[in-house]
Amino acid sequence: MGGGRSIQTGAQITEFFQSWQIKRVTSTPYHPVGNGQTESIDKVIINNLKKRLEESKVEIGEPSIRFTRASEKSNNEEMRINLDLLEGKREAALIRMAAQKQVIERYYNRKARLRFFKIGDFVLKKVFQSMKGDNAGKLSPAWEGPYMIHDIAGKGAYELETIDGEILPSHWNVVHLKRYYF
């Protein structure tokens, strides 16, 4: 079998096993269905499950204390109490959300450099790549203007007008504006 000997045939291996009184069982190790192992394991599992289920049986006919004390009136009363508490919880959640929003806003405002303009202030507006001409190169101006603040459209948004008094069609955010000094 080893040490330079030739490979044994099936008959020689069977003879070797018999001489040493070795019981040879042939099965398919990767397919336990082939040798009946799966069926026997299934039987063991099913029997164990049956035993456990029989041990844990409870009398179904006996109502619990909670069930015997419950009535429609007490159930409705409990539901009203829960609804009242729900409204209070909802209000508390809204208060927490508002407080959290204020904390976030304070944190942002601490780091942000806020700029405000008044009506009549002169500003320059940023020139975006899409608004530049075809022949505009790297050295073309990044700001154009001056424009005058015509109206405050909202928090940080302004309506601009040209020096000639023509109002621009869209609102501009403060991020894209900077003060113009004469």
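The values are calculated or read from the model by the stated rules, or taken from the named source; none is laboratory data. Because the structure is predicted, anything quoted here is derived from the model rather than measured. Neighbour counts are summed over all protein chains in view; Cβ atoms, including those assigned to glycine, are modelled from backbone coordinates with ideal geometry. For accessibility, only protein heavy atoms count, side chains too; no ligands or nucleic acids. Shrake-Rupley method; radii C 1.70, N 1.55, O 1.52, S 1.80 Å.
See the values below:
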quantity: Above-threshold pairs, the threshold being 28 Å between Cα atoms, out of 101/155; 138/178; 101/132; calculated: 101/132
quantity: Debye log10 I(q)/I(0) at q = 0.13, 0.18, 0.20, 0.25 Å⁻¹ for the range 100-182, Cα point scatterers; calculated: -0.50, -0.83, -0.94, -1.19
quantity: Simple label model, 7 Å out from Cα along Cβ direction - residue 171 to residue 144, nm; calculated: 2.2 nm
quantity: Relative contact order %, the range 71-182, counting alpha carbon pairs below 8 Å whose residues are six or more apart; calculated: 22 percent
quantity: Summed residue charge, Cβ within 13 Å of residue 86's Cβ, Lys/Arg positive, Asp/Glu negative; calculated: -1
quantity: Residue-level accessible surface for residue 43, protein heavy atoms, 1.4 Å, Å²; calculated: 130 Å²
quantity: Neighbour net charge for residue 155 - beta-carbon separation under 14 angstrom, K R +1, D E -1; calculated: -2
quantity: Residue 79 - accessible surface, heavy atoms, 1.4 Å probe, Å² rounded to 10; calculated: 100 Å²
